Amino acid sequence: MKRSVTLIELLLAITIMSMIMSMIYGMLLSTMKARDQISAYTQANRLGPTILNLMTEDLSALYAYSFKGSFFMGKRSVNASEIHFVSSIDSKIPEREDGVQSDICEVGYYCRPNPDDSNFLNLYRREDFFLDDQLLKGGTGVLLSSAVQSFVIQYYNGTEWVDLWENIKDEGLPKGIKVEVALKAPSSELLDETESVTFTTVITLPPLYNAKKKEEAPK
């Protein structure tokens, strides 16, 4: 004689199955969250050094010959720093349809609010194919990152680090430039709040470009 399944046994089986499915879903969710966190940190750890290397390359080719006006300017707003200068680095943004690039161009790095997330800043690299007397304007800005929490640039005058620099007002160029950028991955439903990843570098300009004052080297 076949034994039928009682209602209690059926409910117990459904309960056990629900518990198992909940455990599987929890494990899957944790795995996806860990994957997103690892991906976020990996992306930041790659992008941070890339940005600093790009700035180092541009600043190491700083061009100051035959310029009598403003060719180097660094300032700081409420949210972030920005820097503009003339560089002999090969242009990375062709301005002409035939792809011809300039050997000397205006270069700038600046931040603007991220319109999609007020917690972050957009970091841009600006390049102007043509040199003019407006160092802070013109050219094309290329987005480097939309997940910047802070972007701070300081200039070493021989005795201390300062937030502002202008080659005319400060009689030359700084002995060193310190750049600090803090990156964070864009938020998602599966990603918990994570601390920002900060990258720092100190760029020493060629001796020819140093300010006239003979001071100790930046530390």
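Per-structure values
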| item | result |
| --- | --- |
| ASP103 - accessible surface, heavy atoms, 1.4 Å probe, Å² rounded to 10 | 100 |
| Accessible area of ILE93 in the full protein assembly, 1.4 Å probe (Å², nearest 10) | 30 |
| Distance violations [Cα-Cα > 22 Å] among LYS92/LYS169; LYS75/LYS137; LYS75/LYS178; LYS137/LYS184 | LYS92/LYS169; LYS137/LYS184 |
| Probe 1.4 Å - accessible area at MET19, Å² to nearest ten | 120 |
| Neighbour cut-off at most 14 other Cβ (10 Å), DSSP loop, trypsin sites (Lys or Arg not before Pro), segment 117-177 | LYS137, LYS169 |
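The values are calculated or read from the model by the stated rules, or taken from the named source; none is laboratory data. None of these values were measured; they are calculated from a predicted model. Backbone-built Cβ (ideal geometry, glycine too); neighbour counts: all protein chains shown. Areas reflect the complete protein model, heavy atoms only, side chains present, ligands, DNA and RNA absent. Shrake-Rupley method; radii C 1.70, N 1.55, O 1.52, S 1.80 Å.
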